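FYI, it's all coordinate maths here, none of it is from the lab. A quick note: this is a predicted structure, and the numbers were derived from the prediction, not measured. Here the Cβ is made from the backbone with ideal geometry for all residues, glycine too, and neighbour counts use every protein chain on show.
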Amino acid sequence: MKSNSTAVIVPAPSATNGATAVQDLRPNKPNVEIPDPWVWLWVLLALLAAGAAAAFLLRRRKEQIANPQPLPVIPPAVRARNRLKAAFALIEHPDPFCTEVSAALREYLEERFALHAPERTTEEFLNELRASDTLDPEQKNGLGNFLESCDLAKFAKHRPGQTELMALHNGALRLVNETEPPAAPAHALAPESLPSLPVAR
C-alpha cells in the first residue's frame with residue numbers, strides 16, 4: 001500500500017544535547033524578601049525622638065549656664081571655726097600655727113564687721129578697732145593681746161609652748177562665738193570640744 005505523506009525523520013538525541021539539557025536544570029533562586037515599608041517609618045520616628053531629646057538637653061544646659069544655681073552661703077563664723085579647727089594640724093609648729101589662727105580671725109572680723117583686718121598691720125588694725133563700736137572694751141583688749149602674741153611668734157622668733165598656743169586658739173574661738181550674729185545656727189564649737197594636747201615642758 002502506497003502513501004503520499006512525507007516521512008519526517010527525527011534524529012536521536014546526541015550525548016551533547018543531553019548534557020546541555022541537564023545543565024539547564026538549575027536550582028531555583030531563594031525568594032527575595034521585600035522590606036516592610038513600616039520599618040522606615042519606625043527609623044524616622046526614632047531619629048526624630050533622638051533629635052528632640054538632644055534639643056531638650058541642649059536647651060536645658062543653656063538655661064543652667066544662663067541661670068546658675070547659687071552656691072550655699074557659709075556664714076563667716078562657720079568658716080572661721082572650720083579654719084581654727086584645721087589649724088591644729090600645725091600645733092607642733094608655732095609660727096605657721098599662729099599665722100593661720102591670726103588669719104582666720106582677721107578674715108572673720110573683716111567679713112563680720114567690715115574691718116580691714118587682713119591687709120593692715122596689727123597697730124593699724126587696733127587703731128581702727130578703738131574708733132569702732134563693733135566690740136566691747138573687754139573684747140578689744142582680748143583681741144589686742146591675741147594679735148600681739150601672734151606677732152611675737154611670727155616676727156620676733158618667740159617659741160610659745162602648746163599651753164600658750166591653746167590659749168591663743170581658745171581666745172580666737174571665743175571671740176568668734178561671742179560675735180556671731182544671733183540668727184546664725186547654734187553650732188558653735190566650744191573650746192572644751194577641741195582635742196586635748198600634751199603640754200610642752
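Here are some notes:
- Within straight-line cross-link reach of residue 62, lysines at Cα separation under 26 Å, skipping those fewer than 8 residues along the same chain: none
- The H on the amide N of residue 135, modeled in the peptide plane, is under 5 Å from the matching H of no residue at least 5 residues off or on a different chain.
- In region 72-153, inverting the average of 1/r over every pair of distinct C-alpha atoms gives 13.2 Å as the Kirkwood radius.
- Derived scalar couplings ³J(HN,Hα) [region 76-82; Karplus, 6.51 cos²θ - 1.76 cosθ + 1.60; whole Hz; x for Gly, Pro]: x, 5, 5, 4, 5, 5, 5
- Radius 13 Å from Cβ of residue 154, net charge of other residues (Lys, Arg +1; Asp, Glu -1): -1
- FRET efficiency, residue 133 to residue 89 (Cβ-Cβ, R0 41 Å, nearest 0.05): 0.70
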